[in-house]
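The values are calculated or read from the model by the stated rules, or taken from the named source; none is laboratory data. Since we're looking at a predicted model, the values are computed, not measured. Every residue, glycine among them, receives a Cβ derived from its backbone with ideal geometry; neighbour counts consider all protein chains shown.
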Amino acid sequence: MTSPLTVSDRGHEMSGVVRAGESWAEAARRTCASHHAEPVPLDLSGEVKRFQIEHDRRVALRAMTRGDLGDVVRWLGADHVMRWFAAHGEPTLERVTARYGPRIDGMEPTRMWVVEVNGRSVGFCQDYRLRDHPEFAALTPDPDAVAVDYAIGEPHLVGHGVGAAMLWVWLASAVRRYRDVTTYFAAPDHRNEASLRVLDKVGFVRGTWFDQGLPDGSTATLVGCSLDVAQVVGRPAPAGRT
């Protein structure tokens, strides 16, 4: 069975199909192979998997350093981010350093990344294996999944597709770094429809709702979202092969 797919490029739409055993990303690359560009998701939540080619925006991830923590403080303090991080207290440099410094230094299993758009730092994300956090691992059918959390910190970029592009770049990175993992997981607050919609667009599927205790003693209700790695982005080549 095949599934329909489109790739848009500056007003021109190329039609294709996802063949049996082929990931959506692989099918999109094959459909626009002559354009020598990497397609990114426009919306993968519908029956037709819709991709686009971006010519003017380059989104990348790089490892976070302690020199980035001043930006992290500013991003966490932005109104659209602070709403979801308020339970951790005022994002002072001291608090942010205490929380993220050990992760940056490799003392904790969570890996930290800075999101760049055309070379400018605009937000951050982190990833970790759920089995390193048993309280989360019990909430997904795949306790060996890798989880991702993220925030676009610059207010003027919110709602312009940066989140979806960032997650797509993260997916490509995670496939190379976690070769044995078959599922990715994210769990935004159930009220954070913008974040949930971003996950929809890159191929995550909404699942179980669950409660999580927060540092200030309150409770957040989160929505567990899962992505099938083989179906959406495909498996990486074996180590040592291209």
Restricting attention to segment 146-192, the residues that are in a loop (DSSP other than H, G, I, E, B) and under 14 Å from the mean Cα position of the chain (by Cα) number exactly 3
Checked against (1) under 21 Å from residue 176 (Cα atoms); (2) in the same structural domain as residue 113 (by TED's automatic domain parsing); (3) loosely packed, with under 15 Cβ neighbours inside 10 Å, residue 21 satisfies every condition except (2)
Here the residues within segment 63-89 that are modelled with pLDDT of 95 or more, out of contact with any helix residue (DSSP H, G or I) (no Cβ under 9 Å at 6 or more places or on another chain) and among the basic types (Lys, Arg) are 74
Scanning segment 1-24 for residues that are without any contact (Cβ under 8 Å) to a residue 12 or more places away in the chain and under 26 Å from residue 57 (Cα atoms) gives 11, 12, 13
Looking only at segment 193-201, decide whether some residue is under 12 Å from the mean Cα position of the chain (by Cα), surrounded by fewer than 22 Cβ atoms within 10 Å (Cβ to Cβ), outside the structural domain of residue 26 (by TED's automatic domain parsing) and of a type in the set (Gly, Ala, Ser). yes
Over segment 84-121, the set of residues part of a loop (DSSP other than H, G, I, E, B), farther than 24 Å from residue 59 by Cα and hydroxyl-bearing (Ser, Thr, Tyr) is 92
Given the structure, is residue 56 surrounded by fewer than 18 Cβ atoms within 10 Å (Cβ to Cβ) and within 30 Å of residue 16 (Cα to Cα)?
yes
In the set 63, 78, 27, the lone residue that is in contact (Cβ under 8 Å) with a residue 40 or more places away in the chain, at negative phi and over 18 Å from the mean Cα position of the chain (by Cα) is 78
Exercise. Take residue 143 and decide whether it is touching a Lys or Arg at 6+ places or on another chain (Cβ under 9 Å), more than 28 Å from residue 70 (Cβ to Cβ) and in contact (Cβ under 8 Å) with a residue 12 or more places away in the chain.
Key: yes
Checklist entry - under 26 Å from residue 53 (Cα atoms) and either in a strand (DSSP E or B) or touching a Leu at 6+ places or on another chain (Cβ under 8 Å) (or both) - does that describe any residue in segment 130-141? => result no
Considering segment 202-237, residues that are among the small types (Gly, Ala, Ser) and touching a residue at least 12 places away in the same chain (Cβ under 8 Å), and then whichever is surrounded by the most Cβ atoms within 10 Å (Cβ to Cβ), we arrive at 203
The condition of being free of Cβ contacts under 8 Å to residues at least 12 places away in the same chain and surrounded by fewer than 17 Cβ atoms within 10 Å (Cβ to Cβ) holds, among 190, 160, only for 160
Those residues of segment 53-83 which are charged (D, E, K, R) and not in a helix (DSSP H, G or I) amount to 54, 56, 57, 58, 62
Apart from one, (1) among the hydrophobic types (A, V, I, L, M, F, W, C); (2) assigned by TED's automatic domain parsing to the domain that holds residue 126; (3) out of contact with any Phe, Trp or Tyr (no Cβ under 9 Å at 6 or more places or on another chain); (4) in contact (Cβ under 8 Å) with a residue 40 or more places away in the chain all hold for residue 48; the odd one out is (2)
Given the conditions (1) surrounded by 16 or more Cβ atoms within 10 Å (Cβ to Cβ); (2) part of a helix (DSSP H, G or I), every one holds for residue 124 apart from (2)
Residue hits (segment 86-111; in contact with a Pro (Cβ under 9 Å, 6 or more places away or on another chain) and farther than 19 Å from residue 133 by Cα) are 87, 89
